Every structure is written in C-alpha cells, then in structure tokens.
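Have a look at the structure below before the remarks.
The values are calculated or read from the model by the stated rules, or taken from the named source; none is laboratory data. What you see is a predicted model; the values in this text were computed from it and never measured. Cβ atoms come from the backbone with ideal geometry, glycine included; neighbour counts cover every protein chain shown. These area figures cover heavy atoms from the full protein model, side chains too; ligands, DNA and RNA do not enter into them. Shrake-Rupley method; radii C 1.70, N 1.55, O 1.52, S 1.80 Å.
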Amino acid sequence: MEEVMKKTKQIIVSSVAALSLSAAGLPLNVFSVPFSDINGHWAQSAIEKWNEHEIIEGFEGLFKPDDEITRAEMAVIIDRLMVYQPAPDNPFQDLTEEWYKEAMINAAANGVLQGFEGQARPDDTITREEAAVMLARALHIEPQTAEIPFSDRESISDWARDLVAAMAEK
C-alpha cells in the first residue's frame, strides 16, 4: 500500500508541478473542451488529462499553456485535486466574492496557502517556489535539507528551501 501511495504522489507531483509552471487555469463551467492553442505543445497530453479529470480548465476554447498563473488559480487547482471540504472561516482581508474564494479559504484551512499580513494576494503571479511549497504542503511531503539541483538555487527564499528540495527529490 505504501508503494502505491508513493507512486501516486510521484505522478501527482510531476503532473501538477508541470502544469503549475505552464498553465493558466482560467474559470470555465464546461470541462473537456478541445483547446485550440495546445496542439503540439510539450504539455499537451498533461493538459488534456487534467482537463478530463476536471482539475484544470480553459476559457473560450483556449488554455494559454505558456501564460503564468496566479496564486488564486493555483489554489483552485490544488483544491480540485485534493477535494477539500469547505472551510467556514476566511483568514484573508483581500478575498472578495470571486470564483476562487472558496478554494483559497480551503487551501488556507488545510495548511497549503499562507498569506502575508492577512493578505492572500489572489491576483499575484505565483512564483515557482510558492507553487512548489503549496504542492508539497498539499501532498504532505516532508521538508528535506538536500542539495537543490537547479541552477538558480541561490535565489530560492530561505522559507521555501527545504520544501523545494523535497519536491526536487520527489
């Protein structure tokens, strides 16, 4: 059973990490739409797979696979992936009644999303280190003090370093 869970985590981590760095999960109420802008893209099969599983969406027939994503979009992806129960309390001052509000509250309630000074900053572009940390927290991956294999490792913030190392290891 432990081996199955480990393999499942590896698949989720690799697929979602790739998408988190390249996909724009814009709101749309219809899933499994063909995206006219992903043909031949390196992430096409992952985009199609995660759209089929209703984890990611496009907008008006587009996916925009090379666009950056926001902190709100990442929270929505993780919320759909983890199927969190609705959380009642909103710890953030900057969340309005938007399509992503519940997902951001759920991510915070589950220890995945931490704001700064009461702000969730939903419209900020998510950084790679923020995405890695959110995914690690969602998947309950333990921090590691291993060497980080990325050429820009010196630019990784201290608060993210151990979880980025853990994600790189996985």
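Some notes on this structure:
- Which listed residue, of 93, 10, is out of contact with any helix residue (DSSP H, G or I) (no Cβ under 9 Å at 6 or more places or on another chain) and either under 20 Å from residue 130 (Cβ atoms) or modelled with pLDDT of 95 or more (or both): 93
- Of the residues screened, residue 56 is not one that is more than 19 Å from residue 131 (Cβ to Cβ), touching a helix residue (DSSP H, G or I) at 6+ places or on another chain (Cβ under 6 Å), open to solvent by less than 70 Å² (accessible area, probe 1.4 Å) and assigned to a loop (DSSP other than H, G, I, E, B).
- Residue list for the stretch 115-153, restricted to those being charged (D, E, K, R), modelled with pLDDT of 95 or more and surrounded by fewer than 16 Cβ atoms within 10 Å (Cβ to Cβ): 123, 124, 142
- Of all residues in the stretch 59-109, those satisfying the criterion of being outside any loop (DSSP other than H, G, I, E, B), in contact (Cβ under 8 Å) with a residue 40 or more places away in the chain and open to solvent by less than 40 Å² (accessible area, probe 1.4 Å) are 70, 71, 72, 73, 74, 75, 76, 77, 78, 81.
- Check on residue 35, at pLDDT below 90, open to solvent by 10 Å² or more (accessible area, probe 1.4 Å) and not in a helix (DSSP H, G or I): no
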